[in-house]
Amino acid sequence: MDSRRLVPRTDAVLADPRLVAAVERLGRAVVKEVVTAAQQRARQGGLDPREVADAAVAALPPYPASPRPVINMTGVLVHTNLGRAPLSEAARAAALASAGPVDVEFDLATGARARRGRGALEALARAVPAAGDVHVVNNNAAALVLVATALAAGREIVVSRGELVEIGDGFRIPDLLVSTGARLREVGTTNRTSCADYRAAVGPGTGFVLKVHPSNFRVEGFTGSAGVGELSGLGVPVVADIGSGLLAREPLLPGEPDAASALAAGAALVTASGDKLLGGPQAGLLLGRRDLVERCRRHPLARALRVDKLTLAALEATLRGPESPVRQALRADPEMLRERAGALARRLAEAGIDARAVPSEAAVGGGGAPGVRLPSAALSLPERFARPLRTGDPAVVGRVEGRRLLLDLRAVPAGADDDVARVVLRAHGDVARAVLGADA
């Protein structure tokens, strides 16, 4: 008899109590897709038809969404491709608590409508006392678009040629600004722009002067630029796009601009990201003069750019709560990292794995602190481990250098070392089976 005739029907497989429970948790479409894949394996001879239900249960995803948890061992603390800043446990709990109905725009005491996200806005204002007012939108580019639209549509934005940067994935600051209806007035040169260059360009048609921190590259050599303090005396608002989201000065990153310093120097408005060095969810932070923030808040575009309740909750918890994972990684003790790498290497070597503890260098990432190298330590494995680890559960992502896979520990909490060891040990078995299969 053709074994394909023995493959159970879909409805029969879905009647398995384990899959019935999975439908309640994951939805029928997700479970049916897994069942269909198991049936197809059986039809192709790769699975005993009697094991279809068991195979489907084993292949069920943990939740009905495609993003998978990743242990970031690349050595890049804020990795854009891995979702930028990992949220703290407090921020995750706050977002989960806000998943149902919450008083995001409602006063429970009076029963009347209230200011949306007032808790998060109050926390942000307290974090940067120099700001007259604050507002939050869905990312830093949105903050800059809102400012340009509200303050300079049909007018000029004066900006240095050396600061007309590309911010990633082909998106460029000049294109972003021109899309708002503003006109760009470029001044200076790529490597040198003086306050006099700005002064000569400012006039009745100027909406504001824009100062962009070139966060994802450095220009060295014969260079010069005008600071916010110099530009604040030109008689028009100065908008400082600091990018990486530092709210106050960080001694470990002396060259990275922060919101408090920019405002103290005379910036009328500051825009920044919430999901980089601040360590919170994706958000655009707008801080500065009360009248200008209010103009932005009341502009019709603000409605299209507003954030949801989950973001507001996570942002507030980040601002009020314990130190974020990004801050912990930034301030990690290199000696402790070396000890952890050594312990992991010894543990894995005992299992027959070519594992070594090696020095490493980490970076901030996410367009923050370009050129700053952070001393770190890594677990070094043969390059063939890279793919099995990327496809493991949880996925472990490192970087390949000199035909070795380096798993940098700076962005990994110490409590995750057991998870790393477990996934590497499992990958070791997969690699061994693959080698045996190739030899056969």
Cβ-defined net charge surrounding MET336, 15 Å radius [Lys, Arg +1; Asp, Glu -1]: -1
Of all accessible heavy-atom area on the chain, the percent that carbon and sulfur account for (1.4 Å): 53
Reciprocal of mean inverse Cα separation for segment 1-128 (Kirkwood radius, Å): 19.2
Sum of side-chain charges, PRO174 neighbourhood, beta-carbon under 12 Å (Lys, Arg +1; Asp, Glu -1): 0
Rounded Å value of the spacing that divides the Cα centres of segment 32-61 and segment 65-101: 32
Packing-based ranking, highest mean first, of 251-261, 147-157, 276-286 given that Cβ atoms within 10 Å are counted: 276-286, 147-157, 251-261
Equivalent ellipsoid dimensions for segment 240-314 as semi-axes, Å, which come from the Cα gyration tensor, largest first: 22, 17, 8
Value at 222 nm in deg cm²/dmol, rounded to 500, when DSSP H runs of n ≥ 4 in the chain each add -39,500 (n - 2.57): -11000 deg cm²/dmol
Accessible heavy-atom area order of VAL159, VAL30, highest first, probe of 1.4 Å: VAL30, VAL159
Top of LEU121, LEU144, LEU47 by mean-square fluctuation, Gaussian network on the chain, Cα under 10 Å: LEU47
Using alpha-carbon coordinates, inclination of helix 309-320 to the longest axis of the chain, degrees: 70
Accessible surface, the chain, averaged per residue in Å² (probe 1.4 Å): 49
Over the chain, relative contact order from alpha-carbon pairs under 8 Å, at least 6 apart, %: 19
Rounded Å value of the spacing that divides the Cα centres of segment 226-284 and segment 117-169: 10
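The values are calculated or read from the model by the stated rules, or taken from the named source; none is laboratory data. Quick caveat, the model's predicted, so the values are computed rather than measured. Here Cβ is always computed from backbone atoms with ideal geometry, including for glycine, and neighbour counts include all displayed protein chains. In case anyone asks, the SASA skips ligands and DNA or RNA and just uses the protein heavy atoms, side chains included. Shrake-Rupley method; radii C 1.70, N 1.55, O 1.52, S 1.80 Å.
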